[in-house]
Amino acid sequence: MNTAQPIKLSADLENFKDYYKYIHPSPRNALLITTGLNTALRISDILALKWGDVYEFERNRYRSHISIAEKKTGKKSLIYLNESIIRSLENYRITLLQKHGIILPEHYLFSHSNKNVPISRVQAFRIIRQAAKYCEISGVISCHSLRKTFGYHAWKQGAAPSLLVNIYNHSTYQVTKRYLGIEQDDRDQIFREITL
C-alpha cells in the first residue's frame with residue numbers, strides 16, 4: 001500500500017514527536033511536526049504560514065486561532081492553537097530571536113535559516129521521513145500522515161464523526177473512515193473480540 005498512513009500506536013507517536021526535541025534537536029522541525037499533528041492542515045497550508053498568522057506582534061502574544069483559506073479547497077478555516085503548538089512556537093521563537101535578533105510578521109514560520117523563503121514540500125517530507133525511519137515506524141509515513149494521525153487519534157478519543165467530516169471537508173463519514181484507515185481497524189477489533 002503506497003497511501004500515507006496515520007501513526008496509530010501511541011508509543012510510536014511519542015517517539016516520533018520527541019525525535020526533533022531530544023534525539024536530533026531542531027526547534028523548527030519539532031514545530032513542523034507539532035503543527036501538522038495538531039491542526040490537521042495539509043502540508044501546503046502549513047508551509048505557507050507566517051509569524052503574523054500565529055503571533056500578534058502589537059500585543060506581544062500568540063493568537064488563539066490560525067485563520068486561513070485552504071489552498072486545495074479555497075475554504076476558510078479557523079484552527080485553534082492548542083498548548084502543544086504554543087509551547088513549540090515559543091521554543092522556536094526564542095531560538096530564532098537568539099540567533100537572528102528579530103522576527104517580523106511577514107517571515108515564514110518554516111523558512112531556510114537565512115532567507116525568508118519557506119522550505120519545500122520535499123524538504124518537509126525528508127524531515128518527517130527521517131524521524132519516522134529513526135523511530136522504526138512501519139507503513140508509509142509522509143507529510144500527509146500528520147494530517148491523518150490527527151484524525152485517527154481524535155476518532156480513537158471519541159471525537160464526533162460529524163466534526164471529523166467537517167474538519168476534513170469530506171462528503172460522508174464513510175469517506176473519512178476510509179481516509180483515516182478506521183474501517184480496517186473496526187473489522188480487526190471484531191475479529192479480536194469474537195473467540196469461538
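The values are calculated or read from the model by the stated rules, or taken from the named source; none is laboratory data. Note that the structure is a prediction, hence the values are computed from the model and not measured. Neighbour counts are summed over all protein chains in view; Cβ atoms, including those assigned to glycine, are modelled from backbone coordinates with ideal geometry.
Quick check on Q123: is it within 16 Å of the chain's Cα centre (by Cα) and free of Cβ contacts under 8 Å to residues at least 12 places away in the same chain?
Judged against the criteria, Q123 is a match.
Quick one: is R147 in a helix (DSSP H, G or I), surrounded by fewer than 17 Cβ atoms within 10 Å (Cβ to Cβ) and charged (D, E, K, R)?
no
Name the single residue that is surrounded by the most Cβ atoms within 10 Å (Cβ to Cβ) among those in the range 36-87 being acidic (D, E) and modelled with pLDDT of 95 or more.
If we take residues in the range 36-87 being acidic (D, E) and modelled with pLDDT of 95 or more, then D45 is surrounded by the most Cβ atoms within 10 Å (Cβ to Cβ).
Only one of I128, I46, I79 is part of a strand (DSSP E or B), under 15 Å from the mean Cα position of the chain (by Cα) and touching a residue at least 40 places away in the same chain (Cβ under 8 Å). Can you tell me which?
So the residue among I128, I46, I79 that is part of a strand (DSSP E or B), under 15 Å from the mean Cα position of the chain (by Cα) and touching a residue at least 40 places away in the same chain (Cβ under 8 Å) is I79.
Looking only at the range 162-173, count every residue that is part of a helix (DSSP H, G or I) and touching a residue at least 60 places away in the same chain (Cβ under 8 Å) and tell me the total.
Qualifying residue count, the range 162-173: 2.
This table checks each residue for (1) in a loop (DSSP other than H, G, I, E, B); (2) small (G, A, S).
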{"site": "A30", "(1), (2)": "no, yes"}
{"site": "L37", "(1), (2)": "no, no"}
{"site": "R59", "(1), (2)": "yes, no"}
{"site": "I94", "(1), (2)": "no, no"}
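In the range 72-84, is there at least one residue being of a type outside the set (G, A, S) and under 18 Å from S111 (Cβ atoms)?
No, there is no match, as no residue in the range 72-84 is of a type outside the set (G, A, S) and under 18 Å from S111 (Cβ atoms).
Looking at Y134, Y108, Y20, Y55, which one is of a type in the set (S, T, Y), closer than 28 Å to L163 by Cβ and either in contact with a Pro (Cβ under 7 Å, 6 or more places away or on another chain) or in contact (Cβ under 8 Å) with a residue 12 or more places away in the chain (or both)?
Exactly one residue qualifies, and that residue is Y55.
Which condition number in (1) on the phi > 0 side of the Ramachandran plot; (2) in contact with a strand residue (DSSP E or B) (Cβ under 7 Å, 6 or more places away or on another chain) is the one that G139 fails?
(2)
Does A159 fit the bill of being in contact with a Gly (Cβ under 9 Å, 6 or more places away or on another chain), outside any strand (DSSP E or B) and modelled with pLDDT under 95?
yes
Please count how many residues of the range 89-119 are under 15 Å from K50 (Cα atoms) and either surrounded by 13 or more Cβ atoms within 10 Å (Cβ to Cβ) or charged (D, E, K, R) (or both).
Selection size over the range 89-119: 17.
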